[in-house]
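Asker: Before I ask anything, here is the structure I am working with.
The values are calculated or read from the model by the stated rules, or taken from the named source; none is laboratory data. Remember, it's a predicted structure, so these values are computed and weren't measured experimentally. Here the Cβ positions follow ideal geometry from the backbone for every residue, glycine too, while neighbour counts run over all protein chains shown.
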Amino acid sequence: MFVHWGLYAIPAGEWNGRTDYGEWIRNNARIPIDVYDQFQARFNPAKFDPDAWVRMAKAAGMQYIVITTKHHDGFALFDSKGTTWDVMATPYGRDIIAQLADACRRGGIRLGLYYSIMDWHHPDYLPRREWEAASRPESGADFDRYVAFMKGQLKELLTGYGPVGVLWFDGQWEPTWTAARGRDLYGYVRRLQPSIIVNNRVGEGVGDFGTPEQEIPATGLAGAAWETCMTMNRNWGFNRADKDFKSAETLRRNLVDIASKGGNFLLNVGPTADGEFPAESVERLRQIGDFMRAAGESIHGTQASPFPFLPWGRCTQRRLDANTTRLYLHVWDRPADGVLVVPGLLNHVRRARPMTTVDTPFGLPVERKGEDLHISLGLITGPGPALDDVIVVDIAGAPRVKTQK
Ligand code: GLC
């Protein structure tokens, strides 16, 4: 679960009659810094319940939460000693990240931290936004001093909140952020928490995993670990007017698609200024949870599909032991005649059975037709639109797939 939360949840996407802003609102609506600063005095999320967030994430089958500790507006959701531009100077006055870290520990889910390198608030960050070059002149700014400030904040985050699973950088694309600075920062983070992993937005040519945004790469990212991050509606931060939510079915199939290509899915929630998840997000998490309870084994800890293409859906796999591989066939389009053709699978099949419907005593009938396997689903009733069929096929050895021309 990705969580985008900060002061921008207060305007909730709306400024001067326009309603399509998100976490970029200060920049996109060109809100002067002293005007934006006033949101700090209004931040008081009375309904923030970190244990409820953790429960919802876990019930959706999620295994880690990545939260914005500081987004591009520079505002810190944690107790940062080097600045007053943080949650401690709000009416709320309590460290959000500390509370979430505790809840994650209690709930047994990993915590990851998002941190924006770009900072529209710190006086030493360069460059300025073009539109405020006159009101916030660059004179006197010192980028090295900014980097020292940033490292100070990262040290707070990596020494004060227990083990952190992921450091998720962002906002690395401005010209001041050189490849050398990225390499240095990567090393700095890894020294503070040697078992952490760091995303590739730490800087050019470094990082432990790729971060496709709002897209699923057609064939995954060859030879690299990766994670697609995606919003449920159009915005990362809370936008009251944005009701354009993807359906639970689309999100569920995105998850399967991503897993079949060897990636992880970082699905975003943008909490309200009160600290609650939008009702639409709660509902979608719940429905994803229904799927994960039935078929989570076909997602967690699996590997990419051995098939280059399957006309009816997707496949994930898991090595069970030295002699057996388990394939999970996600059937999105149930064949009209009830016969699922698995193209070019040469292995001996030990057993095929339905995962999301009631099993038959002897498993599903499997027939070899040349290089293809024919699995008869005809005997079972489909689980209906809420779930999709998942068929579990145990085969001898590692998958051997003959690819058709
Ligand atoms: C972009 C945006 C940012 C969002 C991020 C998530 O880089 O600048 O608002 O946090 O993507 O991947």
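Asker: Among the residues that make up the stretch 199-219, is at least one of them in a strand (DSSP E or B) and modelled with pLDDT under 95?
Answerer: yes
Asker: Kindly indicate whether any position in the stretch 270-284 is in the same structural domain as Gly207 (by TED's automatic domain parsing), buried (at least 20 other Cβ atoms within 10 Å of the Cβ), at negative phi and part of a helix (DSSP H, G or I).
Answerer: yes
Asker: Also, quick follow-up: So in the stretch 68-95, with the set limited to residues that are among the β-branched types (Val, Ile, Thr) and part of a strand (DSSP E or B), which one is farthest from the ligand (Cβ to nearest atom)?
Answerer: For the stretch 68-95, the residue satisfying everything is Thr69.
Asker: Can you pull out the residues in the stretch 247-269 that are part of a helix (DSSP H, G or I) and of a type in the set (S, T, N, Q)?
Answerer: Narrowing the stretch 247-269 to residues part of a helix (DSSP H, G or I): 248-260.
Of everything in the stretch 247-269, those that are part of a helix (DSSP H, G or I) and of a type in the set (S, T, N, Q) turn out to be Thr250, Asn254, Ser260.
Asker: Still on this structure, please answer the following. Any residue that is at pLDDT below 95 and at positive phi - is there at least one of those in the stretch 221-232?
Answerer: yes
Asker: Under 9 Å between Cβ atoms, which residue pairs at least 6 apart in sequence (or on different chains) link something in the stretch 12-30 that is in contact (Cβ under 8 Å) with a residue 60 or more places away in the chain and in the same structural domain as Pro278 (by TED's automatic domain parsing) with a partner that is more than 16 Å from the ligand (Cβ to nearest atom) and of a type in the set (A, V, I, L, M)?
Answerer: So the pair list comes out as Ala12/Ala241; Ala12/Ala273; Gly13/Ala241; Glu14/Ala241; Thr19/Ala241; Asp20/Ala241; Arg26/Ile33; Arg26/Val35.
Asker: Related question: Would you check if Arg94 is closer than 24 Å to Ala41 by Cβ, in contact with a helix residue (DSSP H, G or I) (Cβ under 8 Å, 6 or more places away or on another chain) and free of Cβ contacts under 8 Å to residues at least 24 places away in the same chain?
Answerer: Yes, satisfied.
Asker: Checking Glu174 against (1) out of contact with any helix residue (DSSP H, G or I) (no Cβ under 8 Å at 6 or more places or on another chain); (2) in contact (Cβ under 8 Å) with a residue 24 or more places away in the chain; (3) surrounded by 15 or more Cβ atoms within 10 Å (Cβ to Cβ), which single condition isn't satisfied?
Answerer: Of (1) out of contact with any helix residue (DSSP H, G or I) (no Cβ under 8 Å at 6 or more places or on another chain); (2) in contact (Cβ under 8 Å) with a residue 24 or more places away in the chain; (3) surrounded by 15 or more Cβ atoms within 10 Å (Cβ to Cβ), only one is false for Glu174: (3).
Asker: From (1) farther than 28 Å from Gln63 by Cβ; (2) at pLDDT 95 or above; (3) out of contact with any Pro (no Cβ under 8 Å at 6 or more places or on another chain), pick out the condition that doesn't hold for Arg334.
Answerer: Checking Arg334 against (1) farther than 28 Å from Gln63 by Cβ; (2) at pLDDT 95 or above; (3) out of contact with any Pro (no Cβ under 8 Å at 6 or more places or on another chain), the one that fails is (2).
Asker: Could you go through the stretch 194-216 and let me know if any residue there is in contact with an Asp or Glu (Cβ under 9 Å, 6 or more places away or on another chain), surrounded by fewer than 20 Cβ atoms within 10 Å (Cβ to Cβ) and charged (D, E, K, R).
Answerer: Looking through the stretch 194-216, none of the residues is in contact with an Asp or Glu (Cβ under 9 Å, 6 or more places away or on another chain), surrounded by fewer than 20 Cβ atoms within 10 Å (Cβ to Cβ) and charged (D, E, K, R).
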